[in-house]
Structure formats: C-alpha cells, structure tokens
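For reference, the structure is listed below as structure tokens.
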C-alpha cells in the first residue's frame, strides 16, 4: 500500500485521466478540479471527488495556486500531481504545496528552479561535462580577430549572433571562412542599431537536426536511471506532432552515451521523479548537444511506457511516497517500436487553425498494440481556453515498419466528428518516403512536407451515393410532413419506420 | 428524383426513382444504406463492397468521413433552395465592412469604441484561441459603426466583431 492516500490532480484533459487511472491502480483516492468550461469533461466523472475552481480562463482556475492549495486542504489530499503545462514547472507552486505538508508528485523544488532558468541550466550541465552547441559563449566582448580564430574550432556553417539579441536581429549565417569578415561587420552594425550593443558571438549552425530526448526516472534515495530516448523530430513551430522510440537515428552505443549524459545532468541538480533531458542531434555527425531539461511528466511519456513496460506515472507516485525505484538500469530493455501521433483539434488544411466545437461522435481505434489516451467523449466541447490536444494515439509493433503500418490502420479507424483534427495530416505524413526511411529533421514539416489534397474516386463515389440516399430520405420525409397540416400519428409512424429500417434500395 | 452531387472533386448525376432504384451516371447500383443509433454513423453496402461512414450536415452540405478520408458532399437540389433563401436575407445596398473572426476564440482586447475614427491598418481587436493571439486590423480608414462584442466574450467562427462605415 502506498503511503499517500488521496491525490489532488491539478490538471484537466487526457493527462488528468491518465493520472487518475494510476492512482486508482495504486489504491489512492483522487480529487479532480474543474473550471466552468470543464464540468462535463471525463476527468471530472472519473475521479472520486470533484471540486470547482472558478471561471474558464486558465489564469482564473487551473493556474490559481491559492485555489488549488485551498482545495487540497479542504478535500484532505496529501499529495498533488501537476501533470504537464499549467503549474507543472512552477517551483513556487511546488514549494507552496510542500510547505503545507502536501507532497509534490514531481522533482525537488531546487531542480525545478535550476533547470527553469535556461542560462543557469546550461552552465550547470556544462560544468558536469554535457556538450552544448559549440560556440564562443556570449558573456564577454570579443574582437573580430578572436572570433575569427575560434571559428575553425566551431566549424561551418555557423551563426553570428548578437549578444544582446533576439528575434533574429543581428544574426548572420556564415557558410565558409571567406564570408566571416563581412558577416561580422554587418552583424555588428545591425546589433548596434537594434540593441545599442555591438557584441556578437559565434555558434555552430546545425542545419539537419533531430530532437532526441532521454526519459529519466529517479527516487529520493539517489537512484537515477534512464528509460531510453524518444525522437520528436516531427514538429511544427516547436510543437511536437509525432514521437517515437527507438529513434531511427540512435543505435545502442549512442543510446548509452546520451543516456549517461542525461543521468549526469539530472544528478547535477539532485533530481528525483520523472524528467526529460532534451538534446539536439546532428543527423550528419551524430553529435548531440544539451537543449534543456523538462522537470515534469511529458505528453509523450506513453511512448517510453510501451517500449520499456514501465508505468512512469505509477513510478512517480511510488517515488513521491518515498519508495525506492523498482528497476535498475540493466533491467531496462527496449522492446519493439512505438509511434505516438498527437490528435489535435486543429485544421491541417488551414495552417493548423484551432478547431472549436462539440465532438458529435468519437470512435477510438483498438486492437493489438493500440493505446488511446484521451480526455474527451461524445458531447465534449472543445473550447478555446486550453490547448488543442484531444487524444494521443500510441501504437506498438515489433518493428518500426510494422508500427507505421499499424498506426495507419488505427488512424483510418479513428473517427471524430464535429471538429477538425490532425488525423489527415498523420495519414499522409506516415506515408512519406522520408518518414518511412527515418530520414527526417526538425524542419521537415515546415520546409519540405506538403499536405496534398488526396483524391480517391472510389470513396468520392461512395460518399455521393450515401449522401444522395440520406438527402433523398430527408426530402421524402419533409414532403410527407408538409402534406399534413398537423402531423398526425400516421406521418410520425412512417418517419419512425424509415429511421429504423434504413433505406433498403 | 434527379440530383447533381459534388463529392470532393468529382461530380455525379444521381437518380432515385419511385421504386427506390438508384442510378449513378446512368448505371444501376445495388445500394443498402443503414443508419445506426449514433446519428453520424452509417453502413453502406454498395455492390457487395462494405463501407463504414460518418456523415454530418455542415453548412448546407454534408461532411463525410470514410477510411480516414474526409470529403464534403453537396447535393445540388437542396443547395438551390438554400441559396435562394440567403439572397433575400442579405442587404446588398450597404457599403459597410464587417470584421469577422475566422476562428472561434476569446476576445482579449477591443481597442476602439463606437464612433471612433480609425486609420487603415489600425488594430481593432485581439482574439485569443488555444494560446494564440490574433490581431484584427482596419482594412481601410473609416468610422467604427458598431462594436458587437465585449472583452472576455467567447466568439464563434465568423462572428462579427466590429463593423466599419
């Protein structure tokens, strides 16, 4: 039995449902919180208790620390799971709960704080030997001669960046040593004009990069392990769309090196619970560089759960209750291949514009190796207040090739009406030769992929026949009803029979 | 009854006679369409080929999903009536500009009041949807004739935010 008895789930949607399941399995009672918009969402129905926390906008409900602490105290919760987003990486929130004697089901406050400041995080992990994207660093002013001297160590192509900069101002791409002199001159001019500061620095430009991250798990007794990688290179505007494990670009030796580096980074901040160390991986050289550490459970933890067999959320609960990790590093083996597609309420044909409305029906795929995590049901309203994730389709098979085929089958089975979703995007993405071969990079969706209006004449004909019959049926019904000034029982009976038997033609 | 049907990029002539015989471009089909307890779910067996479909009415047409493909279907006979209805309702004489939200969202800011003179390009309103901010600008100079929404209001797709005269 877990020493924690009642958990407040300070989140909504699919991740709240995911956490409630884990709590139930461990015999913990659950407390859901909900905003005005979310009264009818599944996480409210799934929990043992449900408490309202205010109006729909997140800053008046799910981000209101005082309301959440108050709810935890009044409901008698002894632990809080923040999920992802909202307060999950808020060190002050973690500290406030702990000061009330409510266990934060996540990492220590100090780790959230250190990794939350991106500059301090980089310095901290660099000090224990993690590789950062090669560059001169931006702390001190360097002369053109000093910069030119260090350029050959950094390698080409490289970026000249303004030390005071941001938003691409004062940034120049240098492809060969001969371009450096002019590039420095122009970048300094632009930096001076934009920021009143002409200091510039150099950084290697990784043009063909993957996003590869390592899942970390640790306990409060100093045990830290990694659960392998996730490749999240299919992204759009830094939003991940597909995650998979194993990465087609990572072999056992590289996995061991990246895993060891990630464990070292986590250890440098005294980490426990679940966390993720993100790296940029150069497709050409297979060099990897530290990006940041996410001090929380991630959306795509499901991928790792499927290939390792470890239930990460249950492990977080056990660790928070003071238990030791059940797995040693040598126990962790990746079995088969898993791909996750994020089903979003967005219109892939229209620049991924949010699609808002009521889900009139939802039929999830099933079958061997198919997992669907969702926090919506038929009748759920997709509101503009929160993020657009409605379901995660997590598909496993023995090989990557088979996992792609099985994902396509599951995507074709997945039916959601009432709103637009990213399902058509995934059906095409998973068919591209680039994705099939694993030869992808983080700019693939934006720079190379084009969503096609796929044409299927057979299916168009089928749709035409079906809709003609439906429209014809409605028309016939309208005629019947109109012919009776007050629709008597005869007309209604006829209508009823039509609905029951369908249109046999 | 004869229908002209547009499905995706294809056009078909469909004829359903009094005896329920259906012809598609003149060819007789064996079609069995069954609805279900779920109003969007249908089963169609067409010349012994089986299809599961999701069908929902959508702005005068039908949105059909089958085997992962979505296609919009318009049955011409119905559409004619709909268009005729719309024409009489619209107001052709007015030169106003209506600023509409192309997406549903929350009104974050209304920067003008009724009666204000605005310049071309001036920000009129900001609508937030799923963590994204969208600014609406005046397409030309003019006077704010009406502000239809308040800050904090939830708006639907194509909702009119502001009218300019």
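Pop the C-beta distance of residue A:327 and residue A:402 into the FRET formula with R0 = 45 Å and round what comes out to the nearest 0.05.
0.95
For chain B, find the longest principal axis of its Cα atoms and tell me its angle to the long axis of helix B:76-89, 0 to 90°, nearest 10.
It works out to around 20 degrees.
Which percentage, to the nearest 5, of the DSSP beta bridges contained in the protein assembly as shown is antiparallel?
Beta bridges within the protein assembly as shown, antiparallel portion: roughly 90 percent.
Between B:37, B:125, B:141, which gets the highest mean-square fluctuation from a Gaussian network model of chain B, Cα cutoff 10 Å?
Residue with maximal mean-square fluctuation among B:37, B:125, B:141: B:37.
Which log10 I(q)/I(0) values, to two decimals, does the stretch A:209-448 give at q = 0.07, 0.09, 0.16 Å⁻¹ under the Debye formula with one point per Cα?
With one equal scatterer per Cα and no solvent, log10 I(q)/I(0) is -0.23, -0.38, -1.17.
Provide the FRET efficiency to the nearest 0.05 for the residue A:92-residue A:220 pair, computing r from the beta carbons and using R0 = 25 Å.
0.75
Tell me the label-point distance for the pair residue B:151, residue A:143, using the 7 Å Cα-to-Cβ offset, in nm and rounded to one decimal.
5.4 nm
What's the angle, to the nearest 10 degrees (0 to 90), between helix A:400-413's Cα axis and the longest principal axis of chain A?
Helix A:400-413 and the main axis of chain A meet at about 40 degrees.
Listed highest first by mean packing, meaning other Cβ atoms within 10 Å per residue, what order do A:189-196, A:462-469 come in?
Per-residue Cβ counts within 10 Å, averaged per peptide and sorted highest first, yield A:462-469, A:189-196.
Go ahead and run the numbers for FRET between residue A:475 and residue B:123, Cβ-Cβ distance against an R0 of 30 Å, rounding to 0.05.
The pair residue A:475/residue B:123 has a calculated efficiency of 0.05.
Averaged over its residues, how many other protein chain Cβ atoms are within 10 Å of peptide A:426-433's Cβ atoms?
1
Considering every pair of different Cα atoms, what Kirkwood radius, in Å, is found for chain B?
Over chain B, the inverse of the mean reciprocal pair distance is 19.7 Å.
Plugging the Kirkwood radius over Cα pairs into Stokes-Einstein for the protein assembly as shown, at a temperature of 37 °C and a viscosity of 0.692 mPa s, what D comes out in µm²/s?
Diffusion coefficient, whole number: 115 µm²/s.
For the stretch B:114-165 and the stretch A:46-92, what is the separation of their C-alpha centers, rounded to whole Å?
Their Cα centres are 34 Å away from one another.
What is the helix-to-structure angle for A:13-25, meaning the angle in degrees between its Cα long axis and the longest Cα principal axis of chain A, kept from 0 to 90 and rounded to the nearest 10?
90 degrees
Read-outs throughout are calculated quantities, based only on the coordinates presented, and are distinct from any laboratory measurement. In this text the structure is predicted, and so the values were computed from the model without any measurement. Cβ coordinates were reconstructed from backbone atoms using ideal geometry, including for glycine residues, and neighbour counts include every protein chain displayed.
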